[in-house]
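See structure below.
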Amino acid sequence: MISMKNSTFRFLPFLAVIITSIVVLFACQKEAKLDAVPEGKAKLSVYLTDGPLDFQHVWVDIQQIAVKVDTCRRHHDDDHWGPGCNDDHDSLSGRCEYWDTLAINPGVYDLLALRNGVDTLLASGFVINGKIERIKFTLGTNNSLMVDSVTHPINLINNQTYVFVNVGREHLDSISSNNFQLYLDFDLSRSIRYTGGQYWLKPYLKPFGRHSTGEIEGKVRPVHSHGLIKAYSDTDTAYARPWDHEGEFKIRGLRPGTYSLFIDGINGYRDTTITNITVQRGDDTKLGIIRLQQ
């Protein structure tokens, strides 16, 4: 990591993004364009964002986004996942189940550019109408990261280039009739392992909808007094790494509840914990300026 004090973060078993659907990429979060949806179809846009740890860059090679739809069910139906869901035993075909590939610009993305409320629209397209149940996220092999100004390759665990993500109805934001947005948080704290002198990757993607989750944001002062920030509750944990020049941070996709916020002090500043932070659905909890003490 950048400081000795942060070494515990650097070598966490797993490191702590979101996927979006559109043909063209955007650097910041955009509202979905309300295009007309063809009859018998639904539109899905998948946004990618990051829950970072204390790296300088994490470059991930994203190649394909596929969507599984159950045509015998509808968006508002209850969710149900049986044995074998979310792994390589997932059925590729069935009487009601169809897979469709979204339009995507494949390539290498720096996940640490997607933090503190920034995301990118990665893929988009029309799928057959029904209940969206699963995303298949496919990687290439050109993955790497930078720590202490040194670039290291990231190996895929068991050479597995894909991961399944179960999608529930609470994860989909309905923009208009049959027009949905989905956010995928690429959780680096659980996705990257450092062992045997090498970095290994097995993506952990957390889906969420902005209407069913909340946010915490603030600004840490002085600049360069802080390392990573962790928001945690009894049921949820997420990370932020403030922008160096401003100290601003935002943590999204938090389940409603009461959180504590831990700020890792560096450069002679003390660790700070703020407790009893209320997070509500669809709401942004603003903490204002947080001043660390030496």
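No value in this document is a laboratory result; all are computed from the given coordinates. Just so it is clear, the structure is predicted and the values come from calculations on it, not from any experiment. Cβ coordinates were reconstructed from backbone atoms using ideal geometry, including for glycine residues, and neighbour counts include every protein chain displayed.
The table for this structure:
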item: Ordering of 226-236, 117-127 by burial proxy (mean other Cβ atoms within 10 Å per residue, highest first); result: 117-127, 226-236
item: FRET E, pair residue 258, residue 78, Förster distance 25 Å, beta-carbon r, rounded to 0.05; result: 0.35
item: Cα-based equivalent ellipsoid, the stretch 112-235: semi-axes from gyration tensor eigenvalues, Å; result: 28, 23, 13
item: In nm, spacing of pseudo-spin labels at residue 162 and residue 284 (7 Å Cα→C-beta vector); result: 3.7 nm
